[in-house]
Amino acid sequence: MGVGGSPQSVIRAARYGLPLMLAVIGGPPIRFAPLVDLYKRALDKYGYPQLRIGMHSHGYVAQTDQEAAEIQWPHWAHIYEGAAAERGWARPSMDRFQAEIDEGSLYLGSPETVATKIAWVIGLLGLSRFDLAYATGRVPHEQKMATIELYGREVIPRVRELLAEPPVDPASVGTHAGAGT
Amino acid sequence: MPSYEATDLRLGVVGAGKIGTAIARAAVAGGYDVAISGSGDVERIELIVEVLAPGARAVTTDDIVRHGDLIVLAVPMHRFRELPGDLFARHDPRRRHELLGGDRRP
């Protein structure tokens, strides 16, 4: 069952004994740790075994961190301009875009940067699945295809490799601009 | 029901959703005496409050109105009408209450 952060939705998923899918579209993913805890406690309460937890976040993969940011920025900004007008959010800024890349919920950069961040969040929240909502907004078709290819050929195998090793905090990996703090 | 003898400012949060629990958690960390209510029975939000806002007490909305010095309504806009129309008739007018609009999406 997909949930967006409402605790009542998390309780509902547990009450029906359904696996959980967290939609995390902004901010540091650690904010969802209490909801993961709530889900586990609620499964216990309703007499179910522990079930799988997945997460969905946005991102974009290119050859380099800089290229990924340059391609994604105008389309991301356009989407968030619309959301700001509709929902009363703050207007998007380059600073916020960069903050989402560095410590928030954009999995954006080179394959190594994105793989490092995905492996980190999987360990952080104990996930069994990560869905990349690739290319926010109207990124051109060719560039979407390129990100799919890099994701499949490079990011996913690298995430599996990283998960086989002890967990790494991306904050300690200073060489990847997209994954520092 | 827990006693409300504390002399500190008592914060009441109506709404145990995303916003209400975040405010409750921050207020507990700030040293407030915090009570929080949801729609329906207290039992329905006990686990949520215990996990997401430890230190806050799960109570009824009626208790919040009677005992809170500062009250936050963290209820979605489309559900404000479900609050009793005379809710604040029970509230001591010397106390303050702050209105906080929740998520505007339907």
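Values in this text are rule-based calculations from the coordinates and carry no lab data. Values in this document were obtained by computation on a predicted structure and should not be read as measured data. Here Cβ is always computed from backbone atoms with ideal geometry, including for glycine, and neighbour counts include all displayed protein chains.
If we count every other residue with Cβ under 15 angstrom of B:I48's Cβ, Lys/Arg +1 and Asp/Glu -1, where does the sum land?
+3
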Report summary line: Cβ-Cβ cut-off under 11 Å around A:G104, Lys and Arg +1, Asp and Glu -1: the net charge is 0
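May I ask for the net charge around A:P92, where only other residues with Cβ less than 11 Å from the Cβ of A:P92 are counted and Lys, Arg are +1 while Asp, Glu are -1? Display every interim value, and only then the final one.
Working: positive: A:R91, A:R96; negative: A:E81, A:D95, A:E100.
Value of the local net charge: -1.
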Requested in this report: Would you list, by chain and number, the lysines whose Cα falls below 25 Å from the Cα of A:K144, excluding same-chain residues fewer than 8 positions away?
Outcome: A:K117
**Report entry** Sites matching trypsin sites (Lys or Arg not before Pro) across segment A:1-56 that sit in DSSP coil, with at most 15 neighbouring C-beta atoms within 10 Å
**Finding:** A:R52
Report task. Please turn the phi angles of segment A:64-70 into ³J(HN,Hα) values with the Karplus equation 6.51 cos²θ - 1.76 cosθ + 1.60 (θ = phi - 60°), one per residue in order, whole Hz, x for glycine and proline. Result -> 10, 4, 5, 4, 4, 5, 5
